[in-house]
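Q: The structure follows.
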Amino acid sequence: MIELDFVTILYCGAIGLLLIGAAGLVMCNNLFRMLLALVIAEAGVNLLLILAGYRGGATAPILGFGPAGAPMVDPVPQVLVLTAIVIGVGVQALAVAVMVRVYRAYGTLDVRELKTRFEFEVAAEQGIEPPGSTEGPAGGRPLSPVPPRPQHGEARP
Amino acid sequence: MRNVAAILFTGGLGFLLLVIASQLGFGEPPMRVGQGILDVAATEVGAANIVTSVLLAYRGLDTLGELSILFAAATAAGLVLGQRRASAAPDPEAGFILRAGADLLFPLLLVVGFYIILHGHLTPGGGFQGGVILAAAFFIGVLARPAESLDHTAIVVIEGLAGAAFIGIGLWALLADGEFLKPMLGTGTLGTLVSAGTLPLLSLAIGLKVGSELAGLMTSLSGTEAREP
C-alpha cells in the first residue's frame, strides 16, 4: 500500500496533467484539440516548476507578508513560471491564428486529411505522380477516397 | 498501433518524471540561487515583492527577451490573420446584458489594472498581470459592440512607446552605471509606493506594452472574417 500523503498527490497531479497533455498531443487528430492538449501539458509543467521551489512551512516571497524571519519559498521558479505563462499565451494566440487560416483554406482541421491534401497539392505543383493510388487498396493510406478540393480554397500557385 | 505507441510513450514519460520527483526531496529546494536572492534582494533592490525584483532587476534582460517573444507572436498573428475588408458586414451587436456589463466593468477593470501594475513591487502582481486586465478592459467593449473596433494606430503607438521606454530605462542605467537594466534612483523606503527605484516605471512600461499587445491581438482574432474573402 502506497502512502498517499499530500506531497504525493501534488506531484501526481502535476505529472498527471503533463501526461494527459502529452497523450492528447499524440492521440488527437484535430488541430484545435492538439492545442488544448498543449495547454494542459503547459499547466502541468508550470505546477511542477512551482512545486520544485517549495520550502517546508514557508510563506510567499513578499517581505512583510508572513511573520518576520519566517522562511520564504524560492522566488526563481515562480519568475520562470511567470515567463512561461506569458510565452504560452503568445504561442496559443499564434497557433489559433494559423488554425483560422488553415480552416479557411481547407475547410477542415483533421491532420490526416490535411496531410493527404498537402501531399496531393505538392505532387500537382511539381507535376509528379501523387503518392499512393486512388484505385489501390485502402490499407496503405489513411483515407481511402481523395476528398474533393473545395472551390474557395484553391492553393495559390 | 498509434494509440499503443502513445500509451507506451506517456507511461514511460510518467515513470521518468515520477522517479525524478521522488528523488528531489520535497520542501528543500536544491537551488541555492533562490536563497541567495532572498538574503540580498531587500537591501539591493528594495522591492517588497521579491518575485518582482527577480523579474525586473536580476533577470531584467530575460524579461526583455520575453517581451520581444510576445511582440513577435502578436505581430505574426496579425500578419497571418490579415486585415478585415472594409466591405465586410460587421458582426451583430451583443445583447443588452453584455453591453451594459461592458460599460459598467470598463472603469473598474481600468482601475484594477493600473492598481496591480503600480503595486507590482509591493504585492503579488506586476506589469504582466495588470496588463492582461487592461487588455480585458478594452476587449470587453469590442465584444459588446464589434462595429466600434479599437483604434489600431493608437494601440501600435502605445505599444511602441512602452517598449521604447523599457529599453530606454535600461540604456540609461547602462550609461549611468555601466549595467544594462540595473535599478536606478536608489531603493527608497521598503514597502512604500515610491520605492525600489525604476522598478515601478519598468512595471508600467511592461503593463502598457502587454495590455496594448493583447488587446490588439484579441481584437484582430475576434474581427477575423469567418470565410475567405
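The values are calculated or read from the model by the stated rules, or taken from the named source; none is laboratory data. As the structure is a computational prediction, the values presented were derived from the model and not from experiment. For neighbour counting, all protein chains shown are included, and Cβ atoms are generated from backbone atoms with ideal geometry for every residue, glycine included.
Q: If I filter the range B:59-75 down to residues being closer than 13 Å to residue A:90 by Cα and crowded, with 21+ Cβ neighbours inside 10 Å, which single residue comes out as farthest from the other protein chains (Cβ to nearest Cβ)?
A: B:67
Q: Counting only residues that are under 18 Å from residue B:51 (Cα atoms), at the interface with chain B (Cβ under 7 Å from one of its Cβ atoms) and either of a type in the set (S, T, N, Q) or part of a helix (DSSP H, G or I) (or both), how many does the range A:6-63 have?
A: 1
Q: Here is a follow-up. Are any residues in the range B:35-53 more than 13 Å from residue B:189 (Cβ to Cβ), within 25 Å of the chain's Cα centre (by Cα) and assigned to a helix (DSSP H, G or I), and if so, which ones?
A: Scanning the range B:35-53 gives B:37, B:38, B:41, B:44, B:50, B:51, B:52, B:53.
Q: Among (1) within 10 Å of another protein chain (Cβ to nearest Cβ); (2) buried (at least 17 other Cβ atoms within 10 Å of the Cβ); (3) in a loop (DSSP other than H, G, I, E, B), which single condition is residue A:89 missing?
A: Just one mismatch for residue A:89, condition (3).
Q: Kindly indicate whether any position in the range B:173-187 is closer than 24 Å to residue A:104 by Cα and outside any helix (DSSP H, G or I).
A: no
Q: So is residue B:135 more than 20 Å from the chain's Cα centre (by Cα) and either under 30 Å from residue B:90 (Cα atoms) or part of a helix (DSSP H, G or I) (or both) or not?
A: no
Q: Restricting the first residue to the range B:143-156 and requiring it to be crowded, with 16+ Cβ neighbours inside 10 Å and among the acidic types (Asp, Glu), which pairs with a second residue that is modelled with pLDDT of 80 or more and part of a loop (DSSP other than H, G, I, E, B) meet a Cβ separation below 8 Å and a spacing of at least six or different chains?
A: Sorted first by the residue in the range B:143-156, then by its partner, the list stays empty.
Q: Please tell me if residue B:160 is closer than 16 Å to residue B:60 by Cα and more than 14 Å from chain A (Cβ to nearest Cβ).
A: So residue B:160 fails the test.
Q: Scan the range A:92-111 and tell me whether some residue there is touching a Ser or Thr at 6+ places or on another chain (Cβ under 8 Å), more than 10 Å from chain B (Cβ to nearest Cβ) and under 21 Å from residue A:38 (Cβ atoms).
A: Scanning the range A:92-111, I find no residue that is touching a Ser or Thr at 6+ places or on another chain (Cβ under 8 Å), more than 10 Å from chain B (Cβ to nearest Cβ) and under 21 Å from residue A:38 (Cβ atoms), so the answer is no.
Q: Farther than 30 Å from residue B:116 by Cβ and facing another protein chain (nearest Cβ under 10 Å): is that true of residue B:80 in this structure?
A: Judged against the criteria, residue B:80 is a match.
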